[in-house]
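The values are calculated or read from the model by the stated rules, or taken from the named source; none is laboratory data. The structure presented is a predicted model; accordingly, all values stated were derived computationally and were not measured. Note that each Cβ is placed from the backbone with ideal geometry, even for glycine, and that neighbours are counted across all protein chains shown.
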Amino acid sequence: MKKILLTLTMCLMALAGFAQDKMDVVYLKDGRVIKGSIIKPLDADGIQIMTTESDVYTFSVDEVRRVGRESFRHENLSNKIMVHDGTGFTNITTLGYGFGIGTLGAEGGVDNDGGYFAIHTINGYHISRKVSLGAGLGIEWHDGYELVPLYADVRLYPSLTEWAPFFFGNAGYGLGFLDDNADGGLMLGLGGGVQKSVNSNFAYTASLGYRFQENSLGALDLDAHFLQLSVGLKF
């Protein structure tokens, strides 16, 4: 009986060993843990590691807390790395709907109970992992007219996690050249949201923000306020 128990114990220990892999691990000061194979050991110029998803990352000495080698179960080998975890170009394309709030015009005579559908695309550049700057272009179908927004966009990412909150602000001009019923005007936006990183090159986004849009038709003031809900993709 003792021999049987000893044999079973040894088999279980062997299976446990097969179920784990030893990986290089880089612990970063911002809380992330990067698992993979170190390509360039840590020195004065930093460290370079290839992750289990075959992505290669370079971190400076100031970013690294410590480096080690540890065992992980197969299901825990993946790295949850924020999309565009570094500098580089990015694109965000969204579909949205704006819900009218407040009143129309500077004098506020008529309730703004209208809305609009929108498609926007922003081509930007991450100047750091936490800040991106970009230029946006869209088309919006408002009640009775269409606008083409052209604007500057800035985004802040305070957290570098799989589910990453972000905040954005934009300012520009809503062009009304597509429709005789719209002269267009100044546009301003401010809001926040969350992005879900699938890998280092792709993420889903969802956001909610405030939007102000100037517009007029002849002497008629159509300035309006909206809450815009958007979902999209980030590359």
More than 18 Å from the chain's Cα centre (by Cα) and closer than 21 Å to THR94 by Cα: does that describe ALA171?
yes
Matching residues in region 33-45 (buried (at least 16 other Cβ atoms within 10 Å of the Cβ) and either in contact with an Asp or Glu (Cβ under 8 Å, 6 or more places away or on another chain) or closer than 14 Å to SER200 by Cα (or both)) number 4
Taking region 102-140 only, how many residues are surrounded by 15 or more Cβ atoms within 10 Å (Cβ to Cβ) and either touching a Lys or Arg at 6+ places or on another chain (Cβ under 9 Å) or not polar (S, T, N, Q) (or both)?
21
Counting only residues in region 176-193 that are under 22 Å from ASN91 (Cα atoms) and surrounded by 16 or more Cβ atoms within 10 Å (Cβ to Cβ), the one farthest from the chain's Cα centre (by Cα) is identified as MET187
Here the qualifying pairs (Cβ atoms under 6 Å; residues six or more apart or on different chains; first in region 113-130 and farther than 13 Å from ARG211 by Cβ; second charged (D, E, K, R) and surrounded by 15 or more Cβ atoms within 10 Å (Cβ to Cβ)) come out as ILE122/ASP153; ARG129/ASP85
Any strands (runs of 3 or more DSSP E) falling wholly within region 1-61 and containing at least 3 residues that are touching a Ser or Thr at 6+ places or on another chain (Cβ under 7 Å) and modelled with pLDDT under 50:
none
